[in-house]
Every structure is written in structure tokens, then in C-alpha cells.
Amino acid sequence: MTEPGDRSLTRRVFMNGRERRLRAGWRLVAAVVFLVIVSVAVFMAVDAAQTVLSFAGPLVIGGILASTLVAQTASNVLMTGVLVVVAWFVDVRTLPDLGLGGRDWWPNLGFGLLLGLAMTTAIFAVELAAGLITVEQLFLSRPGLGIDAGFPVAFVLTVLMFVAVGVGEEVFVRGYLLTNIAEGLNGLGPVGPRTAIGTAAALTSALFGVLHLANPNATFISAFNISVVGLFLAWTYIVTADLGIAIGVHITWNLSLSSVYGFPVSGLTTPATILDVSQTGDPLVTGGAFGPEAGLVVYLALAVAIGLTWWWVRREGALSWFPIGVAVPDLRKAPESSVEGE
């Protein structure tokens, strides 16, 4: 027979009484479970669809649907959708508390899009002036990368993929993981909000770098550099309390680096690029086959980004380099008056 005290203890283990929702650790577990279930279901549906389409013969559209570009787009759209649903129903948080929306979200997104382009343009201009790259040709379409539909179609699909990747990865790493870890650590023993946010930013940025070790030509240097870039993206989220700048930078950094200036991005090349460049400089500086993210040149881009971002947020009225709002949840229902930490 279960005693009332046992039920109370079990409830405290799983539930945050003050916030009337699952504790942070269980919220993260729930998100992973939902992502796995939905991913398996979609994989089975796609496998069944491919079996059906195999009877229709080699259609051109079948080649496009099977391309890496479309697969990456679909998987990131799926991940974003699942995390939004979990954040709404399991975390009981508002969309702005996930980093999506808010008074300044759209202006921040626009600034982030321009900032990502400014970062890659700085890299291109410096490397070109220093003789570290040469421009080979314009409007290159690379066959054999999952789609052979010509430059316009390949470029448009690349844009869609990088939009989906930018939104999906930022919602996952910064919006969901960083937020929940910061909320979970805040008030845990002597841990205050700034320590909680700093720890969450460091952990999620390290994860961001480690996840890119699976990419072609990845090294520990590239993973470290991407982790540092992750810290910058985390800071833009912390200082603005939304993902607008981070998403914007993520989209145009990937897109302009790979499909405007023709560099590898995170070890990958895309099916279409406006400029095709060859790198002749020292890989320690340029990043070599992995692209600028693995080279010292990435720190030039970060210097530009930090300076311009601080100008932007100060212009918008930010008073602190490190506010604590990310560690304070904005829930869709008012918490009870009883006090109980994560």
C-alpha cells in the first residue's frame, strides 16, 4: 500500500511544485524520447514511400526528394516542430521563452542575417587580399552531391536547407538545451542565475562543437573553434533573450560561406555556389578542407561579430553584457505560491 508520504516524495522527484511542471532533467528526457519516437515514425513512413515510388520508375522528382538537401531540410523542420510542441505542452513555456518571438525578435533576426554575411565577407576579403585564395569561376553547379538539377534549383534548395538547419540547431542547442539546463541549475545549492547560465552556455557550446566532429575533415581544432562560435551564439541569446540574432547568423554564415563565396562549411561543399574559390594558404589560417571554421581566420569573423552585436544591443537599450533572464522561465500558467527549486 502506497503511503501519502511516498506519493509526495515521488511527486517531488518528478515535479517542480512551485512551477507545476516536470523538473528540468525530466523535461530533457521527455524531449529526447519524443524526438526519437517521431524520427522513427518518419523514417518508417519515408521507407514505405520509397518502396511505393520505386514502382513508378526513375522520376526526376524522385532524385530531388532523395537528395541530401531535402533530407537535411526535412529533418531540421521535424526537430523544430517537435521541440516547439514539447516546449509548449511539457515545459509549459511560452514561445518567446523558447527564444522564438518577442518584441525585438524580427529586428534581431534581420540584424543576424546581415551579421552572418558581414562575417563571411570579412573572411573572404582578408583571404583574397592576403593571397590565401583565388577565384576560379562564377555560378558553379557541382554534380554528384545529391542533386543534378542545375544552378537555380540547387541554390534555392540550398537556401531552404540552411534556413531549416539554422532554425533547427539554434532551437535545439540554445533555445531548448541551454534554457532548460540554466533553469535546472539556477538555485541548485549555491548556484546563482549567472553561474547557471554560464555553465549551460559552456556545456551546450561544447556539445555544439562535438556534434560537428562527425563532419568530413573534422579535427579537434575545428570542434574547439565551433565551440567558441557556439559561445558567441549563446551570448547573443543571453543578451537579447531571443534567438533572432543566433538564427540569422547561423543561416547566412552557412549559406554565404558555402554558396556565395565557395568555401567548405563545416567540412561540406554545396551543390551550387556563386563564387568558386581554391584555397592556397596555410590550413592553420584558412581551415583547409574543413573551411574557415577550422582556421585562425574564424577569430577575425568573431571579432567583427562581437563588436557589431554589442553596438546593436546597446542601441536597442541593453544595459548588461550578461543578463539573467534566460534562467528565469516565462510560463503559460502562474506558479503556485509554494517555493520549491528545481
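What are the ³J(HN,Hα) values, in whole Hz, obtained from phi via the Karplus relation 6.51 cos²θ - 1.76 cosθ + 1.60 with θ = phi - 60°, for each residue of segment 235-242 in sequence order, with x given for Gly and Pro?
Those phi angles translate into 4, 4, 5, 5, 6, 10, 6, 8 Hz.
With the dipole of the chain worked out from charges on the C-beta (+1 for Lys and Arg, -1 for Asp and Glu) around the Cα centre, which of Pro271, Leu257, Phe322 lies farthest toward the positive end?
Result: Phe322.
With just the Cα atoms defining each centre, how far is segment 164-196 from segment 246-281? Give it in Å.
Segment 164-196 and segment 246-281 have Cα centres spaced 29 Å from each other.
Quick one: grab Rg to one decimal and Dmax as a whole number for the chain, Cα atoms only, in Å.
In order Rg, Dmax, the Cα atoms of the chain give 22.0, 78 Å.
Could you give the size of the charge dipole of the chain about its Cα centre, using +1 on the Cβ of each K and R and -1 on the Cβ of each D and E, expressed in debye and rounded to the nearest 20?
Once rounded to the nearest 20, the dipole reads 780 debye.
Take Glu136, Glu316 and order them by how many other Cβ atoms sit within 10 Å, fewest up front.
Glu136, Glu316
Using amide H atoms built in the peptide plane, which far-off residues or other-chain residues are under 5 Å from Tyr261 H to H?
Leu275
Starting at the first residue of segment 116-124, write each ³J(HN,Hα) from the Karplus equation 6.51 cos²θ - 1.76 cosθ + 1.60 with θ = phi - 60°, in whole Hz, x for Gly and Pro.
Running phi through 6.51 cos²θ - 1.76 cosθ + 1.60 with θ = phi - 60° gives x, 5, 4, 5, 6, 5, 4, 4, 4 Hz.
Can you list the residues, at least 5 places off or on another chain, whose amide H is less than 5 Å from the amide H of Gly101, using H built in the peptide plane?
Under 5 Å from the amide H of Gly101: Leu243.
Take the chain, connect every pair of alpha-carbon atoms lying under 10 Å apart with a spring to form a Gaussian network, then pick out the residue of Ser278, Ser266, Ser222 with the largest mean-square fluctuation.
Ser278
Bear in mind these aren't lab numbers, they're just calculated from the coordinates by the rules spelled out. These numbers were taken from a predicted model, which means no experiment stands behind them. Cβ sites come from the backbone with ideal geometry, for glycine too, and all protein chains shown count toward neighbours.
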